[in-house]
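Input: a single structure, listed below in structure tokens.
No lab work stands behind these numbers, since they all come straight from the coordinates. Source: prediction; values computed, not measured. Every residue, glycine as well, gets a Cβ built from its backbone with ideal geometry; the counts of neighbours run over all protein chains shown.
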Amino acid sequence: MVLTVRNLTVRYGNKAAVRDLNLRLGSGQALGLLGANGAGKSSSIAAILGIVKAEFDEVSILGKSPLTERKTVFESVGVQFQETNFQDRLTVEEACVQWRALYERPLKFAPLLETFGLSEKRNQPVKSLSGGEKQRLAVLLALLPDPKLVFLDELTTGLDTKARRMLWKHLLRLKANGLSIVLTSHDMDEVEALCDQAVILREGRTVARGSVQELIGQSGQTTLEDAYLHYAGEEEWI
């Protein structure tokens, strides 16, 4: 297994943001971690990565602990957070150079800049980029270490249709070559395009899991979006 999580719980004070989360992900598989805002998706990822404290029976990435074998694990892990902050005067190329320096065997960034439509922006300050361009750069940096597992938190927020489909196509190619993906998203088309399985959280609890077709069938709905709204409790607001 590339990722194993058993009975992970995250607490902030007396409140449990995530309760008894269980995940298993193999090589070349993609998992959608779904739920309304505040359901516990980002807290789950932060806990798996050891950024926030958590209680668990097991958290294993590539057979190793991200807490006790952190350096070894993170040579093979990429992360794109929902919000990525860059230094004010940093250029796109400088951001890539700095990020590459963190890893022993990173990819060359020039081909990725071309793939992500950022080649012409390489000498521009990151702060001058549009929201969509910053998002593409954040995903590019997550892929720069040539990871075996990548965490993508709200992958295509702020991207237009063309950029979104470009990212999907690139990720599907990487997935076919063995990349494993954990993805949070509110875009059910994205989940259907990329994910082999999904887990839906509601107030920190797992309320459904399975393939897209299994989630639809279990919910009694006809589309993944309707199944998601049913399980996540968001249909109450429609």
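Applying both filters, DSSP loop and at most 16 other Cβ atoms within 10 Å, to the GluC sites (Glu not before Pro) of region 84-132 gives GLU104. Taking amide hydrogens as placed 1.01 Å from N in the peptide plane, the amide H of ALA17 sits under 5 Å from those of VAL10, ARG11, TYR12, each at least 5 positions away in sequence or on another chain.
Would you mind ranking VAL182, VAL126 so that the residue whose beta carbon has the fewest other beta carbons within 10 Å leads the list? Don't skip to the answer; put the middle values down first.
Numbers: VAL182 26, VAL126 22.
Fewest-to-most ranking of VAL182, VAL126: VAL126, VAL182.
Give me the percent relative contact order of the chain, please, defined on Cα pairs under 8 angstrom at least 6 residues apart. Walk me through the numbers before you get to the answer.
Details: 442 pairs, mean separation 62.8, N = 238.
Computed value for the chain: 26 percent relative contact order.
Hey, got a sec? Which GluC sites (Glu not before Pro) in region 15-71 land in a DSSP loop and have at most 14 other Cβ atoms within 10 Å?
GLU69
A full extension of the chain between ASP57 and GLU69 corresponds to an added length of 2.7 nm, given 0.36 nm per residue minus the alpha carbon distance. For region 20-88, rounded, prolate or oblate, judged on the Cα gyration tensor with a ≥ b ≥ c (square roots of eigenvalues), a/c < 1.5 rounded, else prolate if a/b > b/c? Since a/c stays below 1.5, the shape of region 20-88 is classed as rounded.
Taking a ≥ b ≥ c as the square roots of the Cα gyration tensor eigenvalues, the chain comes out prolate, since a/c reaches at least 1.5 and a/b is larger than b/c. Can you pull out the trypsin sites (Lys or Arg not before Pro) in region 36-82 whose DSSP state is coil and whose Cβ has at most 11 other Cβ atoms within 10 Å? The qualifying sites are LYS53. Please list, ordered by chain and number, the residues whose modelled amide H lies under 5 Å from the amide H of ILE181; skip anything fewer than 5 residues away on the same chain. Long-range HN contacts for ILE181: GLN29, ALA30, LEU31, VAL150.
Using Cβ counts within 10 Å as a stand-in for footprinting exposure, how do SER119, SER128, SER60, SER44 rank, fewest first?
On the way: SER119 14, SER128 11, SER60 19, SER44 28.
By the 10 Å Cβ count, ascending, the order reads SER128, SER119, SER60, SER44.
Residues ASP88, ASP146, ASP153, ranked from the fewest to the most other C-beta atoms within 10 Å, line up as ASP88, ASP146, ASP153.
Among ALA208, ALA39, ALA16, the residue with the largest mean-square fluctuation in a Gaussian network model of the chain, with springs joining Cα atoms closer than 10 Å, is ALA16.
Would you calculate a helix-derived [θ] at 222 nm for the chain, using -39,500 (n - 2.57) for each DSSP H run of n ≥ 4 and dividing by the full residue count, to the nearest 500? Write down the numbers at each step before the final one.
Values: 9 runs with 82 residues, N = 238.
So the helix-based figure for the chain works out to -10000 deg cm²/dmol.
For SER128 and LEU172 in one chain, what is 0.36 nm times their gap in residues minus the Cα-Cα distance, to one decimal in nm?
Values: separation 44, 0.36 × 44 = 15.84 nm, distance 2.95 nm.
Between SER128 and LEU172, full extension yields an extra 12.9 nm.
Taking every DSSP beta bridge that has both ends in the chain, the antiparallel portion is near 50%.
Can you tell me the mean projection area, over all orientations, of the convex hull of region 85-179's alpha carbons? Units nm², please.
On the way: hull surface 23.4 nm².
With the hull built on Cα positions only, its mean projection is 5.8 nm².
In order along region 187-196, the Karplus-derived 3J(HN,Hα) couplings, from 6.51 cos²θ - 1.76 cosθ + 1.60 at θ = phi - 60°, round to 9, 5, 4, 5, 4, 5, 6, 10, 9, 7 Hz, and Gly and Pro are given as x.
Figure the gain on full extension for ARG11 and GLU214 (residue separation times 0.36 nm, minus the Cα-Cα span) and round it to one decimal in nm. Please list the in-between numbers first.
Details: separation 203, 0.36 × 203 = 73.08 nm, distance 3.03 nm.
Extending this stretch completely gives an extra 70.0 nm.
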